[in-house]
Amino acid sequence: MVHQTALGTRLLDNPVWAALDGPHAGFAERIGRAARYPADMYAFAALADPADLAAWADLHRLLGPATTARIKGVDGVPDGWDVVGGGQGVQLVDTRLRAEPDPEAVRLGPDDVPDILDLVARTRPGPYLARTVHLGTYLGIRHRGRLIALAGERLHLPGWTEISAVCTDPAHRGRGLGTRLVRAVAAGIRERGETPFLHAAAHNTTAIRLYESLGFTLRRRTTILQVRTPGTDAGARAL
């Protein structure tokens, strides 16, 4: 595992911004100190500093009036904004994961998106959209031509890459396919000199226990808010 400095670790406190302001800057739709991924890639926005009202004003200008967005690591919103949903998650980092390639894993690309979306619809590992595949390397295992297991890379920030979309067809669970793909994706991340991390829903204790058994360590709990911007352009200027 790659040693991370305290500064590098702090990037994980605001990972969506660290990605959009860093290795994923080419995907960013950005105004000033606010940015978001394209809506068909990853449905999250981010602020350089959630305590900075100017960053919220930039986000309002970026999103437009009366528009919703998801944001990680934000506990509250300025006056004029509404919280319309949300949840709790956890962030885990690789501390002792055994990373290794898998001989059955194949790299997936844009032509595989229909099969990926079909598997995601059957397993619901979390958000996966039409262009999510472009965020990083996605690996899959097929059985008689049908995609039955998936894992890949989502957020990419300096020194770190998130493992995401880990899922296995219900008919093929219990064979360790997800574990094999996590290790294979991690091997590619490690080859770049980076450290894997991942997120899970706080209530998904089964997945959390599995990731901890593989060598991930719980780093922090996170809040995800679904927010709605003020209803007028003037509201952004008033922040």
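FYI, it's all coordinate maths here, none of it is from the lab. Because the structure is predicted, anything quoted here is derived from the model rather than measured. We place every Cβ from the backbone using ideal geometry, glycine too, and count neighbours over all the protein chains shown.
Compared with the dominant Cα axis of the chain, that is its longest principal axis, helix 113-123 is turned about 90°. A cut-off under 14 angstrom between Cβ atoms defines the neighbours of H134, and their net charge, with Lys, Arg +1 and Asp, Glu -1, is -1. Quick check: the distance between the Cα centres of the range 32-104 and the range 117-153, to the nearest angstrom? Using only Cα atoms to place each centre, the spacing works out to 22 Å.
Residues whose amide H comes within less than 5 Å of that of L155, counting only those at least five positions distant or on another chain, are E162 (H built at 1.01 Å from N in the peptide plane). Once amide H atoms are built 1.01 Å from N in the peptide plane, which residues 5 or more positions from H143, or in another chain, come under 5 Å H to H? Answer set, sorted by chain and number: I148.
In this structure the amide hydrogen of T67, modeled in the peptide plane, comes within under 5 Å of the amide hydrogens of T229, none closer than 5 places in sequence on its chain. Translational diffusion of the range 33-100, estimated by Stokes-Einstein from the Kirkwood radius over alpha carbon pairs at 4 °C in a medium of 1.567 mPa s, is 94 µm² per second. Peptides 82-92, 101-111 ordered by packing proxy, namely the average of other Cβ atoms within 10 Å per residue, highest first: 82-92, 101-111. Specify the angular offset, from 0 to 90 degrees and rounded to the nearest 10, of the alpha carbon long axis of helix 53-63 from the longest principal axis of the alpha carbons in the chain. The two axes meet at around 70 degrees. Each residue of the range 87-96 was assigned a 3J(HN,Hα) from its phi angle through the Karplus expression (A = 6.51, B = -1.76, C = 1.60, θ = phi - 60°), giving x, 10, x, 10, 10, 10, 10, 5, 10, 7 Hz with x at Gly and Pro.
Charge tally around V106: other residues with Cβ under 9 Å, Lys/Arg +1 each, Asp/Glu -1 each, net 0.
With helices as the sole contributors, the chain gives -7500 deg cm²/dmol at 222 nm; each DSSP H run of n ≥ 4 counts as -39500 (n - 2.57), and the sum is divided by every residue.
Using all alpha carbons of the chain, what is the percent of pairwise distances in each 5 Å bin, ordered from the shortest bin to the longest? Taking all Cα pairs of the chain, the binned fractions are 1, 7, 14, 18, 18, 17, 11, 7, 4, 2, 1, 0 percent. In order along the range 97-111, phi translates into HN-Hα couplings of 5, 8, 9, 7, x, 10, x, 8, 6, 10, 6, 9, x, x, 5 Hz, rounded to whole numbers, per the Karplus curve 6.51 cos²θ - 1.76 cosθ + 1.60 with θ = phi - 60° and x for Gly and Pro. Within the range 92-221, the proportion of C-alpha pairs whose separation exceeds 17 Å stands at 54%.
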